[in-house]
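Asker: My questions all concern the structure below.
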Amino acid sequence: MKDFKKSSSQNTGAAKCPLCNSSARFSFQGTDFLLISNNCYKYYQCNQCNLIFQNPIPEKKQVENFYPNSYAVHQFPKESTPSKMKTAVLQYKYNYKHLHVNWFFRCLAPICSAFAYKDSISFFQHSKSLDTGCGNGKFILSMNKLGWEMEGIDFNYNAVETCRKAGLNVYLGDLSSVSFEDNSFDLISGRHVIEHLQNPEEFIVESKRILKTGGKLVIRTPNSDAFGRNYFGPYWYANDVPRHIFLFNKKNLQMLVKRHGLKLLKQKTFASPKIFLNSWELLKNNQGTASKKKKLHLLIAKIFALYALLTHQGDEIFAIYEKN
């Protein structure tokens with residue numbers, strides 16, 4: 001297994017790609033817009049596979065400092081209930097037969113499922129599932145409400161304590177340090193996790209080991225080929241400097257996962273008006289303003305997101321893989 005952590009050079013003029021070991025060129029640099037820091041972080045782009053990565057790869061202690069106690073995703077979760085329409089689509093298309101849906105929404109579900117909620121995960125009973133990088137546990141709460149038996153894991157102590165106070169079964173550490181048994185899980189969720197890791201390859205290897213045969217790995221991560229990123233450049237909100245150490249596109253993400261024998265079942269990109277609005281605020285140095293409440297701005301953002309979606313240049317990659 002390639003050591004992602006040691007594969008990039010500290011030379012500011014050149015670097016080696018930690019995924020394919022090809023030469024990489026300088027891409028952009030930025031500061032921490034979220035936590036307002038003057039520290040500058042450089043990112044390089046591989047000349048061969050186009051992986052974008054922070055150079056040098058930060059050490060473990062540096063990464064921990066990217067997530068202070070005030071980090072928003074570590075705050076106590078608010079429970080959310082899926083809409084009646086989404087519940088109907090889940091029942092109709094994603095095997096949530098146990099959910100109650102009234103006749104009106106049941107009739108609409110076949111139409112709605114053709115264009116909405118395509119990032120849903122099919123349900124299977126008596127399954128054991130794990131959400132990696134679970135943060136405050138909001139996703140676990142929502143999944144368990146739908147009938148799953150989901151546990152969580154996060155390297156941040158405050159996040160884990162928040163989850164445990166919410167009554168969730170959550171482990172402190174990462175996949176390797178917790179040392180789950182082989183073939184433990186039917187489903188592993190990595191929602192906006194892989195881009196934060198010092199060694200994404202280690203995450204894929206360990207996920208495959210602890211998945212059962214036929215088990216699914218779900219990955220969500222920013223799309224470096226997004227229309228929004230091409231438009232906003234270093235001000236694209238999903239760059240999230242410096243927490244995002246890596247930025248993948250569909251091809252190099254598939255390259256990483258395929259080399260370890262996981263089969264791709266589904267891959268799509270999704271676009272968000274929120275990313276457009278947040279990026280616009282960063283570009284105009286108006287972070288924290290109420291642009292989301294301005295109808296014209298919101299309309300432009302929705303048109304922007306629709307174009308990105310239709311041209312398959314969404315802000316986020318959603319992919320499902322299976323262990324054979």
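Asker: Using a Förster distance of 30 Å, how high is the FRET efficiency between Leu299 and Ser122, based on the Cβ-Cβ distance and rounded to 0.05?
Answerer: Computed FRET efficiency for Leu299 and Ser122 comes out at 0.30.
Asker: With the radius of gyration and the Kirkwood radius both derived from the Cα set of the stretch 78-174, what is their ratio Rg to Rh?
Answerer: Rg/Rh: 1.05.
Asker: Counting only helical runs of four or more DSSP H residues, what would the 222 nm mean residue ellipticity of the chain come to if each run contributes -39,500 (n - 2.57) and the total is spread over all its residues?
Answerer: Dividing the helical sum by the residues of the chain leaves -8500 deg cm²/dmol.
Asker: Dipole size in debye (nearest 20) for the stretch 242-311 around its Cα centre, Lys and Arg Cβ +1, Asp and Glu Cβ -1?
Answerer: Dipole magnitude for the stretch 242-311 comes out near 240 debye.
Asker: What residues qualify as long-range amide H neighbours of Lys266, i.e. H under 5 Å apart, gap of 5 or more or another chain, H built at 1.01 Å from N?
Answerer: Sorted by chain and number, the residues that satisfy this are Ile320.
Asker: Can you tell me the accessible area per residue over the chain, all protein chains present, probe 1.4 angstrom, in square angstrom?
Answerer: 50
Asker: Further question: Taking θ as phi - 60°, what are the ³J(HN,Hα) couplings along the stretch 109-121 by the Karplus curve (6.51, -1.76, 1.60), each to the nearest whole Hz, with x for Gly and Pro?
Answerer: 4, x, 6, 5, 5, 6, 9, 10, 6, 7, 9, 7, 10
Asker: To continue, here is another question. Please work out how much accessible surface Met85 shows to a 1.4 Å probe, ignoring ligands, DNA and RNA, in Å² rounded to 10.
Answerer: Taking all protein chains as shown, Met85 has close to 30 Å².
Asker: Between their Cα atoms, which of Lys274/Lys323; Lys118/Lys258; Lys61/Lys266 are more than 31 Å away from each other?
Answerer: Lys274/Lys323; Lys61/Lys266
Asker: Further question on the same structure: Quick one: among Ile140, Ile219, Ile36, which has the greatest mean-square fluctuation in a GNM of the chain with alpha-carbon springs under 10 angstrom?
Answerer: Fluctuation is largest for Ile36.
Asker: For the stretch 102-142, what is the convex hull volume of the alpha-carbon atoms per residue, in Å³?
Answerer: Dividing the Cα hull volume of the stretch 102-142 by its residue count gives 122 Å³.
Asker: Here's a follow-up. Which shape class applies to the stretch 130-184: rounded if a/c is under 1.5, otherwise prolate when a/b exceeds b/c and oblate if not, where a ≥ b ≥ c are the square roots of the Cα gyration tensor eigenvalues?
Answerer: Judged from the Cα gyration tensor, the stretch 130-184 comes out oblate (a/c at least 1.5, b/c at or above a/b).
Asker: Rg and Dmax of the stretch 14-156, Cα atoms, in Å?
Answerer: Cα radius of gyration and Dmax of the stretch 14-156 are 21.1, 61 Å respectively.
Asker: Let me ask another. Please give the charge dipole size of the stretch 104-244, origin at the Cα centre, charges +1 on K and R Cβ atoms and -1 on D and E Cβ atoms. Round to the nearest 20 debye.
Answerer: Result for the stretch 104-244 is approximately 560 debye, rounded to the nearest 20.
Asker: Turning to a different aspect of this structure: For Lys128, enumerate residues with amide H under 5 Å from its amide H, sequence gap 5+ or separate chain, H modeled in the peptide plane.
Answerer: Hits under the 5 Å cutoff: Asp186, Leu187.
Asker: Need one number: nm distance between label points at Gln29 and Asn65, each 7 Å from Cα along Cα→Cβ, rounded to one decimal.
Answerer: 1.8
Asker: If I take every Cα pair under 8 Å that is 6 or more residues apart in the stretch 21-72, average their sequence separation and divide by the length, what percent do I get for the relative contact order?
Answerer: Worked out over the stretch 21-72, it gives 28 percent.
Asker: Give the carbon-plus-sulfur fraction of the accessible surface of the chain in %, rounded to a whole number; probe 1.4 Å, heavy atoms of protein chains only.
Answerer: Exposed carbon and sulfur together represent 53 percent of the surface.
Asker: Right, next: Looking at the chain only, what percent of DSSP beta bridges run antiparallel? Nearest 5 please.
Answerer: About 60 percent, rounded to the nearest 5.
Asker: Can you run phi through the Karplus equation (6.51, -1.76, 1.60; θ = phi - 60°) for the stretch 86-93 and list ³J(HN,Hα) in whole Hz, with x for Gly and Pro?
Answerer: 5, 4, 5, 5, 4, 5, 6, 10
The values are calculated or read from the model by the stated rules, or taken from the named source; none is laboratory data. The model shown is predicted, which means the values in this text are computed figures rather than measured ones. Positions of Cβ are backbone-derived with ideal geometry, glycine not excepted, and every protein chain shown enters the neighbour counts. Keep in mind that these areas ignore ligands, DNA and RNA; they rest on the heavy atoms of the full protein, side chains included. Shrake-Rupley method; radii C 1.70, N 1.55, O 1.52, S 1.80 Å.
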